[in-house]
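Report on one structure; see the data block that follows.
Each value in this text was obtained by applying a stated rule to the coordinates, not by laboratory testing. A quick note: this is a predicted structure, and the numbers were derived from the prediction, not measured. Positions of Cβ are generated from backbone atoms using ideal geometry, with glycine treated the same way; all protein chains shown enter the neighbour counts.
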Amino acid sequence: KRDISEKDIAYILHISHSKVNRLLHHAAKAYRTNYTKSLPTVICVDEVLYAKHHYGFEMINGTTSDLIEIFPTRTSIDIRRYLSNYDLSNRQRVQYVVTDMNANYSAPLRVMFPNAQIIIDRFHIIQLAMKAVQSTRITLQRTINNKRSRVYKLLKSNWQFFITDQSKIDTTQPRWFKGINEYLYPQDALQLIFGLSPKFKQNYKIYQAVLRAQRSRSFDEFSVILSQYKPSHSAMDQVILTYKKNLKSIRNAFLQTPSNGRIEGINRRIKQIGRTAYGYGNSLNYFFRIRLQLFNRKHIN
């Protein structure tokens, strides 16, 4: 139940490592998912990487952070098959389901939790626009042939500056910019890049507008961004299309409070379990250790 390796368990108990492995493997085979357990009113779902190119599907209680279950695949068909093992009356208790914008999740979750509102996690809404700005910045950077130029160094060495919320930037004082090794007012640095690429300017403005709408929890502001956006043949075009496709769930994110912050913390613990063991050759044992530790996290003295 503790986050220690099998070798350490063997050392503590004065038995062989293979004996500990056999005992855990035997217990893992006997494990059965408890589908009779009552589901909470708020559920957070996400994917978790447990082997190279292999992702699982996990669900946790969005109020208490308790693990509900982790499944070995995340396809739409498999998710419906897993969730159908819970009684319909049990699934109808769920009021909110928080997820990201993975296309595999929305359809089965709406069917399997008929009374629940699907909420897109607010962090992923921001992250999508941020990645578009980063993609546009890198594309612009690669078009500059002179790698020693002032603009190239400004783009390459100060990437964090271009994704920082403008409300957190002091525009009244110059700041030190790496690469070019000089002090500049933030607005002067931005104008230098905007003059080079109007496309980057548009994407940066859209990203900052999304941040402002999210900060003020104003869905009306967010809707105006979508309605007034003009395609620019950049990464932001696909972002806007994704926003429009998930508009109802994004609206719920502005109006409701649940988020996926709790499940991101659980993912951090799951990754630590894998690191402690230096990886698992048998995913069955890995899943069993995850369940052992997370199901009993409040019951260890």
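Roughly how many whole Å is it from the C-alpha centroid of the stretch 222-270 to that of the stretch 19-55? Rounded to whole Å, the Cα centres lie 29 Å apart.
The stretch between Lys19 and Lys37, if pulled fully straight at 0.36 nm per residue, gains 3.2 nm over its current Cα-Cα span. Placing dummy labels 7 Å off each Cα toward the beta-carbon, the span from Arg81 to Ala107 is 1.6 nm.
Take the alpha-carbon positions of the stretch 1-73, form their convex hull, and give its projected area averaged over all directions (one quarter of the hull surface) in nm².
Working: hull surface 26.1 nm².
Approximately 6.5 nm², given one-decimal rounding.
Can you give me the Cα centroid spacing of the stretch 195-219 and the stretch 134-152 in angstrom? A separation of 20 Å, based on Cα centres.
Along the stretch 91-99 the Karplus relation, 6.51 cos²θ - 1.76 cosθ + 1.60 evaluated at θ = phi - 60°, assigns HN-Hα couplings of 5, 6, 6, 6, 9, 9, 10, 9, 8 Hz to successive residues, with x for each Gly and Pro. Amide H contacts of Tyr185 (H built 1.01 Å from N, in plane; Pro and chain starts excluded): Arg175 sit under 5 Å, all sequence-distant by 5 or more or on other chains. Stokes-Einstein, applied to the Kirkwood radius of the stretch 238-301 over Cα pairs at a viscosity of 1.306 mPa s and 10 °C, places its translational diffusion at 107 µm² s⁻¹.
The stretch between Gln173 and Phe295, if pulled fully straight at 0.36 nm per residue, gains 38.8 nm over its current Cα-Cα span.
Return one quarter of the surface area of the convex hull spanned by the alpha-carbon atoms of the stretch 42-181, equal to its mean projected area, in nm². Show your work: numbers first, answer last.
Details: hull surface 49.4 nm².
Taking a quarter of the hull surface, the average projection is 12.3 nm².
With 22 Å as the limit, write out which pairs from Lys147/Lys205; Lys52/Lys245; Lys201/Lys245; Lys131/Lys153; Lys153/Lys201 have Cα-Cα distances beyond it, or answer none. Display every interim value, and only then the final one.
Details: Lys147/Lys205 26 Å; Lys52/Lys245 30 Å; Lys201/Lys245 25 Å; Lys131/Lys153 20 Å; Lys153/Lys201 18 Å.
Beyond 22 Å: Lys147/Lys205; Lys52/Lys245; Lys201/Lys245.
In this label model, Gln272 and Tyr11 are separated by 1.9 nm, measuring between points 7 Å along each Cα→Cβ vector. Peptides 21-30, 285-294 ranked from most to least packed, by the mean per-residue count of other Cβ atoms within 10 Å: 285-294, 21-30. The sum of -39500 (n - 2.57) across all DSSP H runs of n ≥ 4, divided by the residue count of the chain, sets its helix-only mean residue ellipticity at 222 nm to -16000 deg cm²/dmol.
Scoring 95-108, 71-84 by mean Cβ neighbours within 10 Å over their residues and listing the highest first yields 95-108, 71-84.
Could you calculate the contour length gain from Phe194 to Asn146, that is, 0.36 nm times the residue separation minus the distance between their Cα atoms, to one decimal place in nm? Provide the component values of the computation, followed by the final result.
Numbers: separation 48, 0.36 × 48 = 17.28 nm, distance 1.80 nm.
Gain on extension, Phe194 to Asn146, equals 15.5 nm.
The listed peptides 118-128, 250-260, ordered by packing as a protection proxy, come out as 118-128, 250-260 (highest mean of other Cβ atoms within 10 Å first). D for the stretch 97-242, whole µm²/s, Stokes-Einstein with Kirkwood Rh over alpha-carbon pairs at 25 °C and 0.890 mPa s: what number? Rounded to a whole number, D works out at 144 µm²/s.
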